[in-house]
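> Here you go, one structure.
No value in this document is a laboratory result; all are computed from the given coordinates. Because the structure is a prediction, the values reported are computed rather than measured. No Cβ is skipped: glycine too gets one built from the backbone with ideal geometry, and neighbour counts run over all protein chains shown.
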Amino acid sequence: MKKVLLHVEDLKAYYPVHGGLLGKTAYVKALDGVTFDVFEGEVFGIVGESGCGKSTLSKVICRLEKSTGGKIYFDGKDITQYSNRQMRDIHKQIQMVFQDPYASLNPRMSVRNILAEPMLIHHLAKGKEEIDERVVSLLRKVGLDDYHANRYPHEFSGGQRQRIGIARALAVEPKLIIADEPVSALDVSIQSQVLNLMSDLQKEMNLTYIFIAHDLSVVEHISDRVGVMYLGSFVEMADKDSLYQHPMHPYTQALLSAVPLPNPHLRKERAALQGSIPSALNPPSGCKFHTRCPKCMEQCKHVAPNWVEVSPGHRVCCHLYDNNSEPQNKKE
């Protein structure tokens, strides 16, 4: 059995919106009952449409945003209510790589100082000579030259800046790296270079990743297991091969059917979705996906589905696979 490094249980993040109907306070349910595990040494991919809560989830796990309910266990410890002082050690073990590599780097600091800062904060290096050695080592790890240490972020390309962001995350020797859309702002040719770098580093240093993206082909390339999010919660979770070859949830099927095929002469059936994603301010009753689902049944509109394990390690949250479902009501 692999060790569970991160366990998230029924995590919620609600944000108040004032001045609603009759002056009542309404809540945007950015996360609404998220539960999952991340095992040590694996890459757990998270996919879903924009606005489904992927980035909020990453920030809540790192405690950059507050949760409304639920638990976060890291390395066996409940960090949900940790103080800022207690979180300092956790932040050393959990690092983030952000989507925009330019906005996440201080433009007034040289690369050397950007990489040295976390080492000094967490007392990982003493003296200029040791810091310089570690900075050079980090730069070489991510494929940059020694002289880059004296340059500033604006002097680099997008791909090089993202390499610096990865080096900064590695500077404190973390156990878990959360990569939030780390290649979406890069050219396709650069994306593959950065993905290959992250894969190599993960194997070399036995890192654990949570890899967040909306591009399913990118997630397939790097992940071991994948969770599919819709409107603040997961709807399907499985190992990569099982999910991509045998998607069970209608939402996952629709996402995968929209991925372009490399051979234009091949044809595949499109599972078109109806309408647009509902507002997290007023999510649908029952199954949140029922307003867009081509296989919607009557109970989907009123009753929230349970998780069902359709095969070992492959779980789906859908009435179609629940023994209590009534498939005779299914729309054709």
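> What does the extension gain come out to for residue 188 and residue 298, with contour length at 0.36 nm per residue minus their alpha carbon separation?
Working: separation 110, 0.36 × 110 = 39.60 nm, distance 4.31 nm.
Computed gain between residue 188 and residue 298 is 35.3 nm.
> Could you work out how far apart the two model spin labels at residue 204 and residue 65 are, taking each label as a point 7 Å from the Cα in the direction of the beta carbon, and quote it in nm?
With each label placed 7 Å out from Cα toward Cβ, I get 3.3 nm.
> To continue, here is another question. List the aspartates and glutamates whose Cα lies under 18 Å from the Cα of residue 77, skipping any in the same chain that are fewer than 8 positions away.
9, 10, 37, 40, 89
> Can you report the principal axis dimensions of segment 154-246 using only the alpha carbons, biggest first, rounded to whole angstrom?
Answer, in whole Å and largest first: 44, 28, 24 Å.
> Between segment 96-173 and segment 211-238, how far is it from one alpha carbon centroid to the other, in angstrom?
Cα centroid to Cα centroid, the span is 29 Å.
> So, one more: Per residue, how big is the convex hull of segment 1-144 when only Cα atoms are used? Give it in Å³.
Spread over its residues, the Cα hull of segment 1-144 gives 176 Å³ apiece.
> How many times 2.2 N^0.38 Å is the alpha carbon radius of gyration of segment 86-198? Write down the numbers at each step before the final one.
Values: Rg = 13.4 Å, N = 113, 2.2 N^0.38 = 13.3 Å.
Compactness ratio reported: 1.01.
> Here's something else I'd like to know. Computed from the mean reciprocal separation of all distinct C-alpha pairs, what Kirkwood hydrodynamic radius does segment 119-278 have, in Å?
On the way: mean 1/r = 0.0549 Å⁻¹.
One over the average 1/r among Cα pairs gives 18.2 Å for segment 119-278.
> Work out the length of the dipole vector of the chain about its Cα centre, built from +1 on the beta-carbon of each Lys and Arg and -1 on the beta-carbon of each Asp and Glu, and round it to the nearest 20 debye. Display every interim value, and only then the final one.
Details: 39 positive and 38 negative charges, 148 e Å.
The dipole magnitude comes to about 720 debye.
> Rounded to the nearest 0.05, what FRET efficiency is calculated for residue 258 and residue 10 with R0 set to 22 Å and r the Cβ-Cβ distance? The partial results should precede the final answer.
Working: r = 30 Å, r/R0 = 1.38.
The computed FRET efficiency comes out at 0.15.
> Here's something else I'd like to know. With N residues in the chain, what two-decimal value do you get for its Cα radius of gyration over 2.2 N^0.38 Å? If you can, show how the numbers build up before the last one.
Details: Rg = 21.5 Å, N = 332, 2.2 N^0.38 = 20.0 Å.
That ratio works out to 1.07.
> So which of 59/240; 2/240; 59/92; 92/288; 240/288; 12/203 end up more than 26 Å apart, counting from Cα to Cα?
Details: 59/240 24 Å; 2/240 17 Å; 59/92 15 Å; 92/288 36 Å; 240/288 24 Å; 12/203 32 Å.
Listed pairs above 26 Å: 92/288; 12/203.
> A follow-up question, please. Kindly give the semi-axes, whole Å and largest first, of the ellipsoid equivalent to segment 1-84, taking each as the square root of 5 times a Cα gyration tensor eigenvalue.
Details: eigenvalues 154, 45, 18 Å².
Semi-axes from the Cα gyration tensor: 28, 15, 9 Å.
> Would you mind telling me the antiparallel percentage of the DSSP bridges in the chain, rounded to 5?
Values: 30 of 47 bridges.
For the chain, the DSSP antiparallel bridge percentage is about 65.
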